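The structure appears below as structure tokens.
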Amino acid sequence: MLASRQLLGVARSRAVGSAAKGLRCMATVTDSPLDRKVRQNNWEESNFINYKKMSENLAIVRARLNRPLTFAEKILYSHLDDPHGQEIERGVSYLRLRPDRVACQDATAQMAILQFMSAGMPSVANPTTVHCDHLIEAQIGGAKDLARAININKEVYDFLASACAKYNIGFWKPGSGIIHQILLENYAFPGGLLIGTDSHTPNAGGLGMAAIGVGGADAVDVMANLPWELKAPKVIGVKLTGQMSGWTAPKDIILKVADILTVKGGTGAIVEYHGPGTETISATGMFWLTYPHATICNMGAEIGATTSVFPFNDRMYDYLAATKRTEIGDFARSYAQELREDKGAEYDQLIEINLTELEPHINGPFTPDLATPISKFAETAKKNGWPEELKVGLIGSCTNSSYEDMSRAASIARDALNHGLKAKSLFTVTPGSEQVRATIARDGQLQTFEEFGGVVLANACGPCIGQWDRQDVKKGEANSILSSYNRNFTGRNDGNPATHSFVTSPDLVVALSIAGTLSFNPLKDKLKDKDGNEFLLAAPTGNALPERGYDPGENTYQAPPADRASVQVQVSPTSDRLQVLSPFNAWDGKDALDMPILIKAKGKTTTDHISMAGPWLKYRGHLDNISNNMLIGAINEANGEANKVKNATTSDFDAVPAVARDYKAKGIKWVVIGDWNYGEGSSREHAALEPRHLGGLAIITRSFARIHETNLKKQGMLPLTFSDPADYDKIKPDDRIDLLCTGLAVGKPFTMVVHPKDGKPFEVQLSHTFNEAQIEWFKNGSALNTMAKANK
């Protein structure tokens, strides 16, 4: 498969330091432009971009592989811990990598930092930041919701602020914005490798960075200066041709890709966008800037992709300049040939999308890969009996809250206002960052939304992750909502399993909110103005970047102090939200016999089903308390109900966590049987910590989502898959299980003996992806135990 044509103009020369703003770099006498010292960001004085080292690593790998490389491969291989000796085979090898940065959001940072503290190190070894965005519930509006969150979450914020100060971590306070937008505005750089404790970390791919969502244990490894391990991803190429126009938006690209690949089609792969379409200018004259790229990369998490990347181009340079990082843009231009795919690079799978023919899409309900073009949406909604009235329209979040998104959405709202109309549906706006909020407040878009009837929420995740105190419908009442978010699993946004949640572009959210119905198609359907005259909404327009530059708004960053020795980390021993961790027990060296099945989960079992967010977020730093939500959303095959399982020792039915606790108290290990793509969704490691804490030994499924499988391994559990997926159907919820753990070995099948309640025992072959190092995690009880053992 041929790679797309080379971009023109990417490597145009520019005098170093020609811009009056941005990072200052230290001039050195050198023969190579890659020898320059250019800081990674404006906040850290001593962390630099090392394109020279990356280039040297690539040269070693090129000599070994002797073939063209994809851009995704270039980023990964340039960050290899041992480029000379590393085995490299896509989809097979485990790469040992050295990421440039770590980022944690506040919900996952609690457990990550608690784990790091147990390692006994005085400081993180690699640049790390923490971002307060997950604990702010949407209720009334931005300022009041933020003040309420700061009060309610004071002990968590105090813990994070003090721990960050103690361990040399940058801390972004509540109200600063969503982690992914902050990373894009401040820390992402072309060709870099970042890991983040949130599944939508790939957002930074909009700046040509490989940004990968991980569990907290992986983050701790990198914070402690251990190589990070990743199974070498396959690479899916998405070639973009043509150009978008009218109502078609960048969001529609990823909605279409989700339709093609489904929620599990990207598992174990990086999605790499290339082709002339990555450089097109739309009919409205608006550049494809970095954030549209970021939108696409962000939602790549919904297809299970390891991450997604776009090649470096002039649009990225413009965004870097606009965010006061011109020196990084100049430096990237000197390394530009390695910031895109090689000519002739081959992909494991190739998809081609003609942007000229691409239609606006709406995906859902209940899954982000059920795609319907707008021309067929009204008909499809009626056919399927989806509630026609649109109750709420929501724009913003980390997926679509750029200045460009807000400008386009505001242009539609203004068009309606000029005709005497406001939103018929409830309408909310979530700015992605304080910088975006301040800028659209200055430039008028925020006022337009408020005049339109919108409620401006805090610069935080809010309803996108279930942090929404929704009052307009009762739980269990069927209704429809439409958002520009990324994820729409059952109950995801408001905790109501009857809510039909759809995702689309901000443009369509605003348009359908005006009509108040799913049956409206703004491309052809007319509205009536205040005088009863029919009119067609104009296609959205807006500026890609603010003409007067960004307004940074309030300063919400806390840098680590120069003197950290005297800082005391604040953890109350009586807290119900924070709990210092105790190590898990090591494996006893024996086969596990006669174990009950805690639950045989039927159908989709996401990390939201395993460890719900919403009100449970407050316990993210207290493992025992949050374990009371373990698997309460999973559907029990035995009775079709959630959170109702049979206790094998008493024959009574009870909540899943209660039965697990009873087994643990009796010294009984247990297993879970799961369906396809078990653990998809958010990266939350609590979905792995909780079953380990409550005495589970193994999770046995048809298949796993990548992050969750790794998280389970890190906590000393056994993620196993049926070698023949059809064997899932042979297992009954009241069977007993033997796992021959003494036979666990790299590359060898794993034997399970099933003891039916009535009938003869039979064997089932299971598969696993453990390597030698990961088997040590299991033997020692966890990856953290292994690290502590090595440091003794």
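The values are calculated or read from the model by the stated rules, or taken from the named source; none is laboratory data. Because the structure is predicted, anything quoted here is derived from the model rather than measured. Quick reminder, even Gly has a Cβ in these numbers, built from the backbone with ideal geometry, and neighbours come from all protein chains shown. We work out accessible area using only protein heavy atoms, side chains counted, and drop any ligands, DNA or RNA first. Shrake-Rupley method; radii C 1.70, N 1.55, O 1.52, S 1.80 Å.
In whole percent, what relative contact order does the chain give with Cα contacts below 8 Å and a gap of six or more residues? Could you put the intermediate results ahead of the total?
Working: 1957 pairs, mean separation 107.4, N = 792.
Dividing the mean separation by the residue count of the chain yields 14 percent.
Listed by chain and number, the lysines whose alpha-carbon sits under 18 Å from that of residue 760, ignoring those within fewer than 8 places in the same chain, are 730, 732. One chain, two ends: residue 566 and residue 43. Fully extended at 0.36 nm per residue, the span grows by 186.0 nm beyond their Cα-Cα distance.
Evaluated with a Cβ-only charge set (Lys, Arg +1; Asp, Glu -1), the chain carries a dipole of roughly 640 debye about its Cα centre, given to the nearest 20. A Cβ-based charge dipole, computed about the Cα centre of region 660-781 with Lys and Arg at +1 and Asp and Glu at -1, lands at about 360 debye.
Just to be sure I understand: of the beta bridges DSSP finds with both ends in region 642-792, what percent are antiparallel, rounded to 5?
Details: 13 of 23 bridges.
In region 642-792, approximately 55 percent of DSSP beta bridges are antiparallel ones.
Based on C-alpha pairs under 8 angstrom that are at least 6 apart in sequence, region 49-113 has a relative contact order of 26 percent. Computing FRET efficiency as 1/(1 + (r/R0)^6) for residue 389 and residue 526, where r is the C-beta to C-beta distance and R0 is 22 Å, gives about 0.70. Listed by chain and number, the lysines whose C-alpha is less than 28 Å from the C-alpha of residue 422, apart from same-chain residues fewer than 8 away, are 144, 251, 376, 382, 391, 474, 475, 524, 526, 528, 530. Solvent exposure of residue 768, expressed as accessible area, is near 30 Å², computed with a probe of 1.4 Å over the protein chains only. Remark: C-alpha extents of region 454-568 on the principal axes read 69, 45, 23 Å, sorted largest to smallest.
Distance cut-off 18 Å, Cα to Cα: go down the list 53/74; 231/779; 154/618; 714/779; 604/664 and report the pairs above it. Let's see the in-between values first.
Details: 53/74 12 Å; 231/779 21 Å; 154/618 11 Å; 714/779 11 Å; 604/664 26 Å.
Going by Cα-Cα distance, 231/779; 604/664 fall outside the 18 Å limit.
Across the protein chains, with a 1.4 Å probe defining accessible surface, the residues 630, 117 rank 117, 630 from largest area downward.
In this label model, residue 84 and residue 574 are separated by 5.9 nm, measuring between points 7 Å along each Cα→Cβ vector. Ranking 616, 43 from most to least accessible surface, computed with a 1.4 Å probe over the protein chains only, gives 43, 616.
Rolled with a 1.4 Å probe across the full set of protein chains, the surface gives residue 762 an accessible area near 60 Å².
Excluding residue 654 itself, what net charge comes from residues whose Cβ is under 11 Å from its Cβ, given Lys and Arg +1 and Asp and Glu -1? Show your work: numbers first, answer last.
Details: positive: 644, 646, 661; negative: 652, 662.
My count for the surroundings of residue 654 gives +1.
Per residue, the convex hull around the alpha carbon atoms of region 59-142 comes to 176 Å³.
Could you calculate the contour length gain from residue 765 to residue 125, that is, 0.36 nm times the residue separation minus the distance between their Cα atoms, to one decimal place in nm?
Details: separation 640, 0.36 × 640 = 230.40 nm, distance 4.18 nm.
That pair, residue 765 and residue 125, stretches by 226.2 nm at full extension.
May I ask you to derive the FRET efficiency for residue 792 and residue 641 from their Cβ-Cβ distance with R0 = 51 Å, giving the value to the nearest 0.05? For R0 = 51 Å, the calculated efficiency reads 0.60.
Rounded to a whole number, what % of the accessible area of the chain do carbon and sulfur atoms account for, probe 1.4 Å? Mind dumping the intermediate values first?
Details: 13880 of 27930 Å².
For the chain, the apolar C and S fraction of the accessible surface comes to 50 percent.
Within region 595-630, name every residue whose backbone N is under 14 Å away from a label modeled 7 Å from Cα of residue 664 along the Cβ vector. Answer for this model: 622-630.
What does the accessible area per residue of region 394-497 come to in Å², with a 1.4 Å probe and no ligands, DNA or RNA counted?
Details: 2930 Å² over 104 residues.
Result: 28 Å² per residue.
Rolled with a 1.4 Å probe across the full set of protein chains, the surface gives residue 430 an accessible area near 0 Å².
Annotation for region 546-579 versus region 230-272: alpha-carbon center distance of 36 Å. When Rg and the Kirkwood radius Rh are both evaluated on Cα atoms of the chain, their ratio Rg/Rh stands at 0.95.
Within the same chain, aspartates and glutamates fewer than 8 places from residue 644 are excluded, and of the rest, those with a Cα less than 19 Å from its Cα are 608, 652, 654, 662, 675, 690, 734, 735.
In region 656-702, which trypsin sites (Lys or Arg not before Pro) fall in coil by DSSP and have 11 or fewer other Cβ atoms within 10 Å?
On the way: sites: 661, 664, 666, 669, 684, 692, 702; in loops: 666, 669, 684, 702.
Counting only loop positions with at most 11 other Cβ atoms within 10 Å, the trypsin sites (Lys or Arg not before Pro) in region 656-702 are 666.
Relative contact order, whole percent, for region 90-237 stands at 37, derived from Cα pairs under 8 Å and 6 or more residues apart. For region 658-727, the solvent-accessible area of protein heavy atoms averages 22 Å² per residue (probe radius 1.4 Å; ligands and nucleic acids excluded). The modelled label-to-label distance for the pair residue 758/residue 533, using points 7 Å beyond Cα in the direction of Cβ, is 7.7 nm.
With both bridge residues required to lie in the chain, what share of the DSSP beta bridges run antiparallel, to the nearest 5%?
Numbers: 39 of 100 bridges.
Around 40 percent of the beta bridges assigned by DSSP in the chain are antiparallel ones.
Label-to-label distance, residue 652 versus residue 359, with points set 7 angstrom from Cα along the beta-carbon direction: 5.6 nm.
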